[in-house]
Amino acid sequence: MIKQEKLRPCEKFQQEGREWDRLVVHRKDTTGDEAVVGHTQLRKDAVEKVTGTALYGADVNFPGQLYGALTRSPHPHARIKAVRVEKAKAVPGVRAVVTGADYPEPYGQFIADQPIIALDKVRYQGEPVAAVAAETEEAAREAAALVEVDYEPLPVVNTLEESMKNGTLIHEDWSRYDCSSVCFPVQGTNIGDQFHLKKGDVEKGFAEADLVVESSFRCGQLQHTLIETHTATAIANPYTQDIQVWTPNQSPFGIRGLMAKIFGVPAEKVRLTMTHIGGAFGGKYEAKCEPIAIALSLKSGGRPVKLTYDRHEEFEATVCRSTVQYYIKTGVKKDGTITAQQVTGYWDAGAYVTTNPRVDYNAGFAAHGPYKIPNAQVDTYVYMTNRTLGTAYRGFGVTEAATLHEHQMDIVARKLGMEPLAFRLHNCLHDGDEGITGEIISTCAVEECLRAAAKNVGWDKLPDRWVDEEGNLCGKGIACFNKLTGTPSTTSCVVKMNENGSLYIWSASREMGQGVTTTMPQFAAEALHMDLDRISVAPVDTTMTPYDKTTTSSRSTFHSGNAILEACEDIKRQLCRLAAVKWGCAPENVTYTAGGIIQSKKNPALAIPINEVGKSGIMHEQDPVLAIGRYGTSDIFDPPPVDGRQSKRPTVMWMIGAQAAVVKVNPVTGRVKVVKMGAAHDIGKAINPTGCLQQIEGAIVMGLGHALMEEMIYEEGILRNGNMVDYKVPTFMDSDVETKITLVENGHPEGPFGVKGIGEPGLVPTAAAIAGAVCHACNTDFDSIPIKPEHILFRKEAED
Amino acid sequence: MKTAEIHVTVNGVPYEKSVPCNQTLLRFLREDLFLTSVKEGCDEGECGACTVLLDGRPVNSCLVLAAELDGREVLTAEGLAEDGRLHPLQEAFIEAGAVQCGYCTPGMLISGIALLNLYPHPTREQIRKEMEGNICRCTGYTRIADAVLLAVEKMDTARAEARAAGLPEPEFRGIDGRFSEKWNSQYQS
């Protein structure tokens, strides 16, 4: 036990070029003077993490454990003629070798297009062609290198543009695959999915416009660069088919379903035990090491098998954020009113479809941003190439969409001669407006967010561009966005009172740094008026933890919070009943007070404060106190039909926010420095304010990398910068950004205490705001990110 | 594989071990001593997650061979807390909100200790420069710098209180005059 005086949140550094404030727009189920909710609480997982005792994926070890290693394809696209494993099997210490022939059935969440190990052909460099388990990591790697594969190289589809010619097909026959109802491949093409939204008539809208502006924008391919690489340790019993996997995954039940399918066992046979996660951001949503570790364990007689990817494998052969090429056309009246807007987009999704249908879908609904657009259209296509696999990356494509629409807003504003913020404010959505699905918009504080973000950088006092005393080109940019959370989705929790009166929350919402293991107990502490220290989140294990869809889409606090509040109401009823038994009265004569006291209505002397319930004896040999909470959004969801995607309620919750950036550009070196970032996000209600700020601050630096540095560079399907030297992510040296953050609280009618989501939002407008500021500073329409020094040095200035 | 016999002190505990000559310090610490705070992030010296203090100096343990450890001292994040009490830098990481997913945290703490040996009262610029080798994807780094500054304050306060009470100044794990002097002279030369 740590002999520790009580630690307290430290906020003394909030003045030094880093401030935050709170803007209350609307309160829902909150007075603002709650005891626990709304106040910064120290993270419950922090002591484990600073002492190095928190166990992450690769920290789990078992006696008799084998080590896995993979033979990976050097070719981005090739037919497999033969795989010979004899030499590999002969390496001392090798216990199992698995090839594609062992598991020929492909899998996939949306379309089953991917084998766990390549079978007849490889579709990206680094695709697994064989797996080995051995007594030591060295033996496993040596054996993997000795697997002989005869390849017949095929033409490589390196770029989106080549893929769109459909000359070489990555998947020759989509119809062979088991396809879900939410994925739309086109037979005989490289199109793996598509999305079409249509509101009104864009042609009519363009005809009504005084000005029609067209532009394009491209977002480069990014790697999540999680510091913890993918890993899994499996024990799979070949006789009983019981499978257990220890993994740092953000989607325990999603992975359980996939594993059950791949291995042909009922879901209850698959047990996923979750470790701490060393960064996820969507990158640990797919099954990567899990199925291969299971296959190796099955083949080695049930020995534990650990498979951990190294950094090069992580870059080449896990997941990434897809490249997207967007085109946008906007019709606008002279007074700045948008009459129509049309977005067309092409994703380079890599070799397998994976989560791209979800990326395409979410980005589709966000492609026009939080603006009033009477005639709107979106047509986007997911194209396959011989590159690593695209997936979710903190925002499911919405970051890319925001970069597009905000770049266009700046161009249109300039052509109209309007100030960029004024043009946005003229068109932005307010409560009661119609969104692009025909939904009547509510709880939408985009104007408040835009104004606050602008104020946070002193927008009004700055010109669009200026030159500072050192000769740097300076500029400001602003961006706003709207992002939906995946709907419908469900969650559940069990809240269990221990014999001493403390509480466990069983919930599959995964802690991945966003702080959900602190916010969930905050809800319970507030509801029951109980000490936060007495409430903790139980470890997550799919055999015990109740169902939650996934920890994605910024949905955890909103959904789990609702479930926990429901369970806590039941806890109160159960405690009143137990007290009634003890006091020999009817249960209706006992009440649970707002102050957390179990109180006899008749006899004021009979009262048990919640924090003393363990000592009170009311639980002794009585029914255990155990409550269930559920929350789902199927009932409110109006499914958007495939033709046009019009819907009165496409999502339970829109996230809204805005950020403004000030940059300076060195005209000699092309180096960009982000000087200031002002942010304002409508979070509904800040449950743990420091937790919200951490999300936004971290996202600002992450997005700075996306805007200015990061890009996976492929040549003929070969990744040229798959390491942390050549693929640059922001370091401490890039963190010197003056930030001011406004937490806008516009309570959501269905959110617990009005809460919305904040996991993804901070990233969404960051790159867009920075790119806008760089464009202004350089007087250039840079039409892609990252904007690197060479783009700046060879820029062509805008004419108008 | 040839082996080497080493006498090494890790977190104050002496060990006598026979190690393969190609084993890295990272794997020695994780696999032989079960000190899993030492994280592998890239295995090529770029991410800093495996940073440990070797004779007071921060090293990427993935780039050091265990065979080189004979007669030397290693400090990992497991060695920071003492007698059930957190190190002021650990406290500061918690209080300043410098921890999110936590994977980079042990390496960050060790780099922070090394920085404080080099600059007992660092500026933010010095913190950014000296801790640049540790990559964090969650926090945006600024709260980590806050935590270092808060730790400085905590240690200064503890020393001042001890002096005022006429007690010997408290010592903090890893904050070590012997090593800092040696490292400073090497670093600056």
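The values are calculated or read from the model by the stated rules, or taken from the named source; none is laboratory data. Since the model is a prediction, treat every value here as computed from it, not as a measurement. As a convention, Cβ positions derive from the backbone with ideal geometry for all residues, glycine included, and neighbour counts pool all protein chains shown.
Overview of results
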read-out	value
Matching helices (runs of 4 or more DSSP H) fully within segment A:79-174 where at least 3 residues are buried (at least 21 other Cβ atoms within 10 Å of the Cβ)	A:137-146
Segment A:760-780, subset assigned to a loop (DSSP other than H, G, I, E, B) and over 16 Å from A:A402 (Cα atoms), residue farthest from the chain's Cα centre (by Cα)	A:N779
Test: A:K455 is among the basic types (K, R), under 30 Å from A:E797 (Cβ atoms) and in the same structural domain as A:P752 (by TED's automatic domain parsing)	yes
Condition check for A:V701: hydrophobic (A, V, I, L, M, F, W, C) and within 14 Å of another protein chain (Cβ to nearest Cβ)	yes
Selection count where residues are of a type in the set (F, W, Y) and in contact with a Gly (Cβ under 8 Å, 6 or more places away or on another chain), scope segment A:49-92	1
Matching option when the condition is under 26 Å from the mean Cα position of the chain (by Cα), of a type outside the set (G, A, S) and buried (at least 24 other Cβ atoms within 10 Å of the Cβ), among A:E750, A:E711, A:E745	A:E745
A:P76 farther than 30 Å from A:T739 by Cα and either outside the structural domain of A:A143 (by TED's automatic domain parsing) or surrounded by fewer than 22 Cβ atoms within 10 Å (Cβ to Cβ) (or both)	no
Any hit, segment A:488-504, residues being assigned to a loop (DSSP other than H, G, I, E, B), in the same structural domain as A:G703 (by TED's automatic domain parsing) and at positive phi	no
Close pairs (6 angstrom Cβ cut-off, 6 or more residues apart or separate chains): facing chain B (nearest Cβ under 10 Å) and on the phi < 0 side of the Ramachandran plot in segment A:716-727, charged (D, E, K, R) and in a loop (DSSP other than H, G, I, E, B) anywhere	A:M724/B:E46; A:V725/B:E46
Top-ranked residue in segment A:14-64 [being acidic (D, E) and not in a loop (DSSP other than H, G, I, E, B); ranked as nearest to the other protein chains (Cβ to nearest Cβ)]	A:D59
Selected residue [within 16 Å of the chain's Cα centre (by Cα) and at positive phi] from B:G102, B:G166, B:G79	B:G102
Tally of residues being aliphatic (A, V, I, L, M), in a strand (DSSP E or B) and within 14 Å of another protein chain (Cβ to nearest Cβ) across segment A:675-690	2
Answer from B:A145, B:A49 - the residue that is closer than 28 Å to A:R8 by Cα, touching a Lys or Arg at 6+ places or on another chain (Cβ under 6 Å) and in the same structural domain as B:V8 (by TED's automatic domain parsing)	B:A49
Whichever residue in segment B:60-95 is under 26 Å from B:I6 (Cα atoms) and within 11 Å of chain A (Cβ to nearest Cβ) and, among such residues, is surrounded by the most Cβ atoms within 10 Å (Cβ to Cβ)	B:A77
Segment B:137-169, subset assigned to a loop (DSSP other than H, G, I, E, B) and within 14 Å of chain A (Cβ to nearest Cβ), residue nearest to A:G513 (Cα to Cα)	B:C138
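Conditions tested, residue by residue: (1) of a type in the set (S, T, Y); (2) within 14 Å of chain B (Cβ to nearest Cβ); (3) over 28 Å from A:A563 (Cα atoms).
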| residue | (1), (2), (3) |
| --- | --- |
| A:T443 | yes, no, no |
| A:R451 | no, no, yes |
| A:I478 | no, no, yes |
| A:K483 | no, no, no |
| A:I505 | no, no, no |
| A:E511 | no, yes, no |
| A:T519 | yes, yes, no |
| A:A525 | no, no, no |
